[in-house]
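*Asks:* Please see the structure below; I have some questions.
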Amino acid sequence: DYLQHWAEVYLAGADARHPHASPLFADLQGLPPMLIQAGGHETMLDDATLFAAAAARAGGAVTLQVYPGQPHSFQHDVGTSAVAREAVSNMAQFARRVFHGV
């Protein structure tokens, strides 16, 4: 009921399958390389996994990293969590690789 309520608030009457509501229904061709991170206890883990697969099918270069036992937005705990520091470090490495070829 909780998730249904917030989905209805977010959509405000719009079709849930419209690409503006969910990128799972968008044309994903031509996207730049992507890093997708999700926690293993992430509310949106299935969405992250489905999006990564859809982007890969569309020819995109996608890296999906799932951190077991972590909640949504666990990276915010970078100051107190070794797992969050690892995730943020992986983001930095990805950005260096994509933008600087390092």
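*Asks:* Please give the charge dipole size of the chain, origin at the Cα centre, charges +1 on K and R Cβ atoms and -1 on D and E Cβ atoms. Round to the nearest 20 debye.
*Replies:* 520 debye
*Asks:* Using a 1.4 Å probe on the protein heavy atoms, what percent of the accessible area of the chain belongs to carbon and sulfur?
*Replies:* Carbon and sulfur atoms account for 58 percent of the accessible area of the chain.
*Asks:* Which of (1) -0.58, -1.24; (2) -0.51, -1.36; (3) -0.43, -1.30 is the computed log10 I(q)/I(0) by the Debye sum over Cα atoms at q = 0.13, 0.24 Å⁻¹ for the structure on display?
*Replies:* (1)
*Asks:* With every protein chain kept in place and ligands, DNA and RNA left out, what is the accessible area per residue of the chain? Probe 1.4 Å, answer in Å².
*Replies:* I get 69 Å² per residue for the chain.
*Asks:* What distance in nm lies between label points placed 7 Å from Cα along the C-beta direction at ARG85 and ALA58?
*Replies:* Label-label distance for ARG85 and ALA58, simple model: 3.6 nm.
*Asks:* Restricting to Cα pairs below 8 Å that are 6+ residues apart, what does the relative contact order work out to for region 27-102? Please round to a whole percent.
*Replies:* 32 percent
The values are calculated or read from the model by the stated rules, or taken from the named source; none is laboratory data. Values in this document were obtained by computation on a predicted structure and should not be read as measured data. Every residue, glycine among them, receives a Cβ derived from its backbone with ideal geometry; neighbour counts consider all protein chains shown. Only protein heavy atoms, including side chains, enter the accessible area calculation; ligands, DNA and RNA are left aside. Shrake-Rupley method; radii C 1.70, N 1.55, O 1.52, S 1.80 Å.
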